[in-house]
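Note sheet for the following structure.
The values are calculated or read from the model by the stated rules, or taken from the named source; none is laboratory data. The shown structure was predicted, so the numbers you read here are calculated from the model rather than taken from an experiment. FYI the Cβ positions are ideal-geometry reconstructions off the backbone, even for glycines, and counts take in every protein chain you see. Just the protein is used for accessible areas: all its heavy atoms, side chains included, with ligands, DNA and RNA removed. Shrake-Rupley method; radii C 1.70, N 1.55, O 1.52, S 1.80 Å.
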Amino acid sequence: MYCEGDSWGCYLPMSLRSMGSDPMERVVKLASESAVVIFSVSSCCMCHAAKRLFCGMGVNPTVYELDQDPRGKEMEMALTTLLGNSQTVPIVFIGGKLIGAMDRVMASHINGSLVPLLKEAGALWL
Amino acid sequence: MNSPTPQFVPSRLSIYEPIHQIGIWGENFKRNGNPNTSTSLIVEVDNKLENESETTSHEMLAPTNNYEQEASKPIDKIQRRLAQNREAARKSRLRKKAYVQQLENSRLKLIQLEQELQRVTQQGLYMGGVLEGSHIGFSGTVNSGIAAFEMEYGRWVDVQHRQICELRTALNAHISDIELRILVKSGMGHYFELFRMKSTVAKADVFYVISGVWKTSAERFFSWIGGFRPSELLKLDPLTEQQILEVCNLKQSCQQAEDALSQGMEKLQETVSSTVAGGPVAEDSYIPQVATAMEKLEALVSFVNQADHLRQETLQQMSRILTTRQAARGLLALGEYFHRLRALSTLWATRPPEPSLP
């Protein structure tokens, strides 16, 4: 059911979400609503890799495809500003806290800090 | 050649002031446009008196016999000295001309060799099975990026080999941990340097990096996204219980990260493939599909970078888990492993041809 083909954890219909007028605010709000949040672009293969990474660990990430949201462009820009211009999707939040782009996610998995964060956020058990 | 025929200056000068003469002679040198043959040459000639062929001196001297020999001996000597100077200056100019000619030739040769190298590199890429190369030429910048990388990589391998030998010696000699730490750090730094080099050339031609043509054939056999598998690093020595646990966790994370990137790569292949194949086949126009596919291929660069990033992080985590001595042994084993793979490649390439069966 999860992580088969295109059904990632849960795709939340964003139009039903509360509309913060500031894109940054919206990002933060969405990020805090699930244990693991990935801001992605549907055609991006690195985003696919990020999704596979979490699924492979038994985690169900909440994915927001920015190219499928009417306000996705603004949110993408807000995220880029937050992270510095060289960083792009996928961008991962765990327990409402910003982890970063693929670089940071990989680094924190290798150095062992990712799993404790996931457990803390309730995304992983044992 | 502009050097004037030897002038017998004394015929133009009043002879009786030797120092004055030498001064003017110095000027003469300069007016000949030869700043190198400065007045110091005059001093040089003194030292060269034995070296200068006596025959030339005699030749020069012969005409001076036409001068009044009743003139005082010192004047004779001075004239002879001046003549020798002229000769020395002339020879010096000739030598300089020859040297400059040689430099020019070498420069031309160098340009030719560089062009040859570029051409051969291109051919190497063609023979790597890159079919499109025969239809679409490589730009100059791609070639120079690749040529530069190949040279740097050659040097990298040499330094790598030297470091491996140093590590081996150090471990056998039981040097202090502090000194060993320095070797470990520079060993790791050397790998990080390679990742930087790869990142640069990946921007010029990512297919070059991914194809692994820059490596030997046996290394290429094990290649994963343009390099070695990070999990290759994790074949290890005796470990303490704590270490066994940490290495086990690292192995698992590493494997998961590798799998994620591999799946991302597969998705990229599918995407590019379906883009290229897309659109009505009945029509002859494929430019839009190919153009779109090109955009998607840009993602390949980020995969190569991410793979190298994974290698780097794994190396660093290993150095945190292990003691200095263990890390040194690990680096030695890794370097030795690649060294043996290269030897295997060479051996394979030079194996005798298989006898054909009747």
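Scanning the range A:104-112 for any residue that is within 21 Å of B:GLU313 (Cα to Cα) and under 12 Å from the mean Cα position of the chain (by Cα) turns up at least one such residue.
Put simply, of B:PHE149, B:PHE221 the only residue that is modelled with pLDDT of 90 or more, surrounded by 14 or more Cβ atoms within 10 Å (Cβ to Cβ) and not aliphatic (A, V, I, L, M) is B:PHE149. Taking the condition of being surrounded by fewer than 16 Cβ atoms within 10 Å (Cβ to Cβ) and either within 14 Å of another protein chain (Cβ to nearest Cβ) or under 16 Å from B:ALA257 (Cα atoms) (or both), how many residues in the range A:88-107 meet it? Residues in the range A:88-107 being surrounded by fewer than 16 Cβ atoms within 10 Å (Cβ to Cβ) and either within 14 Å of another protein chain (Cβ to nearest Cβ) or under 16 Å from B:ALA257 (Cα atoms) (or both): 0 in total. The number of residues in the range B:300-328 that are open to solvent by less than 30 Å² (accessible area, probe 1.4 Å), within 11 Å of chain A (Cβ to nearest Cβ) and among the small types (Gly, Ala, Ser) comes to 1. In the condition set (1) under 16 Å from A:ALA31 (Cα atoms); (2) open to solvent by 10 Å² or more (accessible area, probe 1.4 Å); (3) modelled with pLDDT of 95 or more, A:SER113 is compliant with all but (1).
Within the range A:28-65, being charged (D, E, K, R) and either closer than 18 Å to B:GLY264 by Cα or surrounded by 23 or more Cβ atoms within 10 Å (Cβ to Cβ) (or both) holds for A:LYS51, A:ARG52, A:GLU65. When the test is whether a residue is within 14 Å of chain B (Cβ to nearest Cβ) and in contact (Cβ under 8 Å) with a residue 40 or more places away in the chain, A:VAL63 does not pass it. Based on this model, can you work out whether B:THR141 counts as open to solvent by 90 Å² or more (accessible area, probe 1.4 Å) and at pLDDT below 75? The answer is yes for B:THR141. Contact annotation: residue pairs with Cβ atoms under 7 Å, 6 or more positions apart or on different chains, pairing a residue in the range B:174-185 that is within 15 Å of B:ILE164 (Cβ to Cβ) with a partner that is of a type in the set (Gly, Ala, Ser) and open to solvent by less than 50 Å² (accessible area, probe 1.4 Å), are B:LEU180/B:ALA170; B:LEU180/B:ALA328; B:LEU183/B:ALA170; B:LEU183/B:ALA328; B:VAL184/B:SER319; B:VAL184/B:ALA327; B:VAL184/B:ALA328.
Residue by residue, here is whether (1) open to solvent by 30 Å² or more (accessible area, probe 1.4 Å); (2) part of a loop (DSSP other than H, G, I, E, B); (3) out of contact with any His (no Cβ under 7 Å at 6 or more places or on another chain) holds:
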| residue | (1), (2), (3) |
| --- | --- |
| B:VAL276 | yes, no, yes |
| B:GLU295 | yes, no, yes |
| B:LEU334 | no, no, yes |
| B:LEU347 | yes, no, yes |
| B:PRO352 | yes, yes, yes |
